[in-house]
Amino acid sequence: MSTPDELADELADVRSLNALAETWRTAPDGSRRFVPNFDPRSGGTTSRVLVLMQSPGPQTIAAAHSAICSEDNPGPTAAAFRAARIESGLARNEYLRWNLIPWELPGRGRPADIDEGRHALGVLLRALPSVEAIVAYGSIALEGVMRHLTLDEHARLVPVIAAPHPSPANGRHRAEQHRRSVQALRLAARKRRM
């Protein structure tokens, strides 16, 4: 099995994105924190759609040093997203999946986490010049994107489409959640074709 660095050489350009992830592994207080790498099977730096979740999930965190933020990760959240992405028609090499808060959270996202995440999002968006739409999954991702757009003087305006987070913890109305996820990704793909 290839390492994340070997896959990066073989597939999408994620080397510069992984360098960003490395900078986020050092917290403002100097301590180290978990941040996964980017998915080399994504669109990398040429992605036209940014799919934004809240923060790394337990299955991603459990993968430790080999962790990437990917639809291939084990667990129901990744599986639900992957099913919606395939049904939507959004090609794998046209999007990049990431988290508003790129590091592991010990609990629910706090306002300070969201604010730090929005700053990281600004840096990420500068590294993704082709992004034409953002699909924000869940209220924390959406709040972070909106805070970025309304607080950063130099924010690049791109359409933002909100969808419910695909986590099984968000269990009510699963059929509706799936439909909304599919439609959000279709809209983002449609924006890309315009």
- Query: Extension gain Ala91-Gln183, at 0.36 nm per residue separation less the Cα-Cα distance, in nm?
  - Reply: 31.7 nm
- Return the Cα extents of region 110-154 along principal axes one, two and three, sorted largest first, each rounded to a whole Å. 30, 21, 15
- Query: When the helix-only estimate is applied to the chain (DSSP H runs of n ≥ 4, each -39,500 (n - 2.57), divided by the residue count), what is the mean residue ellipticity at 222 nm, nearest 500 deg cm²/dmol?
  - Reply: -13500 deg cm²/dmol
- Message: I need the calculated FRET efficiency for the pair Arg190 and Arg126, taking r as the beta carbon distance and R₀ as 25 Å, to the nearest 0.05.
- Response: 0.50
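From the P(r) of region 9-56, can you give the percent of Cα pairs sitting at distances over 16 Å?
The calculated P(r) of region 9-56 puts 46 percent of pairs beyond 16 Å.
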- Task: Please work out how much length the chain gains when fully extended from Ile61 to Ala155, using 0.36 nm per residue of separation minus the C-alpha to C-alpha distance, in nm with one decimal.
- Result: 30.8 nm
- Task: Would you please name the trypsin sites (Lys or Arg not before Pro) within region 89-189 that are DSSP coil residues with at most 14 other C-beta atoms within 10 Å of their C-beta?
- Result: Arg108, Arg156, Arg172
- Message: Please report the accessible area of His119 (heavy atoms, 1.4 Å probe, ligands and nucleic acids excluded) in Å², nearest 10.
- Response: 100
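When a/c is below 1.5 the answer is rounded, else prolate if a/b is larger than b/c, else oblate, so apply that to region 88-164 with a ≥ b ≥ c taken from the square roots of the Cα gyration tensor eigenvalues.
oblate
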- Ordering of 54-60, 134-140 by burial proxy (mean other Cβ atoms within 10 Å per residue, highest first): 134-140, 54-60
- Note on the structure: Carbon and sulfur atoms account, in whole percent of the 1.4 Å probe accessible area of the chain, for 54
- Query: Does anything in region 127-171 have its amide N under 12 Å from the 7 Å Cα→Cβ label point of Ala79, and if so which residues?
  - Reply: 168
- Note on the structure: As a percent rounded to 5, the proportion of antiparallel DSSP bridges among beta bridges in the chain is 5
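Take the alpha-carbon positions of region 57-114, form their convex hull, and give its projected area averaged over all directions (one quarter of the hull surface) in nm².
Mean shadow area of the hull around the Cα atoms is 4.7 nm².
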- Query: Given the alpha-carbon gyration tensor of the chain, what are the semi-axes of its equivalent ellipsoid in whole angstrom, ordered largest first, with each equal to the square root of 5 times an eigenvalue?
  - Reply: 22, 19, 18
- Could you check the simple spin-label distance between Ser139 and Ala175, using points 7 Å along Cα→Cβ, in nm with one decimal? 2.6
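The values are calculated or read from the model by the stated rules, or taken from the named source; none is laboratory data. Keep in mind that this is a model prediction, so the values were computed, not measured. Note that each Cβ is placed from the backbone with ideal geometry, even for glycine, and that neighbours are counted across all protein chains shown. Keep in mind that these areas ignore ligands, DNA and RNA; they rest on the heavy atoms of the full protein, side chains included. Shrake-Rupley method; radii C 1.70, N 1.55, O 1.52, S 1.80 Å.
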